[in-house]
Amino acid sequence: MSTSDRIFRDGTYHILPTPLRVGADERFTGRGVTIAFIDSGFYPHPDLTQPVNRVASYVNIVHESATPEETRAEFTTPDDSSWHGMMTSVVAAGNGYLSGGKYRGIACDARVVLVRAGSAARIRHDDITRGLRWVTEHRDEYDIRIVNVSCGGDYEASYLTDESCRAAEDAVRAGIVVVCAAGNAGTTPNHAVLPPASAPAVITVGGVNDRNTLEFDDNEMYQSSYGPTIDGLQKPEVIAPGIWLAAPILPGTPTAEEAALLDQLKAAHDGELHSILKANRGINADLDDVSDRPAYLIRQLLAAKVRDGNVISGHYKHVDGTSFAAPIVSSVIAQMLEARPGLVPQQVKRILIDTAKRIAGVPVEQQGWGMIIPSRAVEAALGR
């Protein structure tokens, strides 16, 4: 059976929850730990705000002159820039509120600090630096222990002179574990790892295709960037699932409206399909065109729409990229810090490296020390 057949069968996606796929230790959920996220934008998704609001702060460091009312309106109004950061933060720390807990993150009890450093169009190199500086400056105020950076700079540069790398190194010296996505340029000739992921003290995360299974032997590499860096450093250090990952759909968008309609149609009896489509005209032109066709043809189009849109349900879709592998590692680190709060960043990095497992047949430069094994990492953090 192919990967696609395993994931999409009976007309429905069967995406395994992330904690199950990586064998996370269920005793720890990031309670008492704060993770900061630097990204293009955010949204207060119910998986972060219900039943308890775990968003400790939201700040836009490229629009610091905004009034509190303007900042609040920006945060709560969904737009294209909200997508990416909403997904990275929920992949790490969402509690699965809209899925009955099924698609929760590993650190589902952690608090989050959300730092907007750009837009959907672009996140500038210098703004990532500003975001890292802001997190370091406000570390004590929000008790930030981890910062997740699922974005990269504009160019290669030595960590000795690049301000983004220096800001990342300063954050680590301040006691913050810095986790960076490696990037998705693994199939390009240069496959460069860009700042701040190229800084030596950060934990740089590549991606693995675990085929949405619980087996290890069928794992293969995702198309993530890898070193050596311009300074000759090994990057990434570790890898984590980077494809077939459940992530939230941004509420209040046409995509959310369409996903809700697809979910309603999937659950309906054949005799209800026509009335549902007629009551929801204008949401999807292709579905409008088949609203008078036989039920079996509607079902065929419905299956294609679900598959092509990566739709898991009315609230979630599956995504890929090292942008989502990094938050998985950040969430495991939150477990480790909950288990042993006194760990410093260098110890966290060493434990993750020591407990990782390499994929056979994959060059070391692409996978570093290998796939994270969360249960081993937590046990090592506990000193066992």
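A few comments on the model shown:
- Residue pairs whose Cβ atoms lie under 7 Å apart, sitting 6 or more positions apart in sequence or on different chains, and linking a residue in segment 361-375 that is assigned by TED's automatic domain parsing to the domain that holds Pro236 to a partner that is of a type in the set (Asp, Glu), are Gly368/Glu237; Trp369/Glu237; Pro374/Asp25; Ser375/Asp25.
- Exactly one residue out of Tyr43, Tyr58 is in a loop (DSSP other than H, G, I, E, B), within 12 Å of Ser89 (Cβ to Cβ) and either modelled with pLDDT of 95 or more or in contact with a Cys (Cβ under 7 Å, 6 or more places away or on another chain) (or both): that is Tyr43.
- Identity of the residue in segment 130-171, aliphatic (A, V, I, L, M) and surrounded by fewer than 22 Cβ atoms within 10 Å (Cβ to Cβ), that ends up farthest from Pro327 (Cα to Cα): Leu160
- Out of Ile283, Ile230, sole residue that is over 24 Å from Gly101 (Cβ atoms), touching a helix residue (DSSP H, G or I) at 6+ places or on another chain (Cβ under 7 Å) and of a type outside the set (S, T, N, Q): Ile283
- Any chance Glu70 is at pLDDT below 95, among the acidic types (Asp, Glu) and more than 29 Å from Arg173 (Cβ to Cβ): yes
- Candidates Asn184, Asn190 - the one that is in contact (Cβ under 8 Å) with a residue 40 or more places away in the chain, assigned to a loop (DSSP other than H, G, I, E, B) and in the same structural domain as Ile123 (by TED's automatic domain parsing): Asn184
- Some residue of segment 328-342 being in the same structural domain as Ala92 (by TED's automatic domain parsing), without any contact (Cβ under 8 Å) to a residue 60 or more places away in the chain, of a type in the set (Lys, Arg) and under 28 Å from Thr188 (Cα atoms): no
- Highlighted here are the helices (runs of 4 or more DSSP H) found entirely within segment 273-384 that include at least 2 residues which are more than 21 Å from the chain's Cα centre (by Cα) and surrounded by fewer than 16 Cβ atoms within 10 Å (Cβ to Cβ): 273-279, 285-289, 295-308, 345-355, 364-367.
- Test set (1) more than 20 Å from the chain's Cα centre (by Cα); (2) free of Cβ contacts under 8 Å to residues at least 24 places away in the same chain - Gly100 fails condition number: (1)
- Residue among Val364, Val332 that alone is β-branched (Val, Ile, Thr) and touching a helix residue (DSSP H, G or I) at 6+ places or on another chain (Cβ under 6 Å): Val332
The values are calculated or read from the model by the stated rules, or taken from the named source; none is laboratory data. Predicted, not measured: the structure shown is a model, and the values here were computed from it. Positions of Cβ are backbone-derived with ideal geometry, glycine not excepted, and every protein chain shown enters the neighbour counts.
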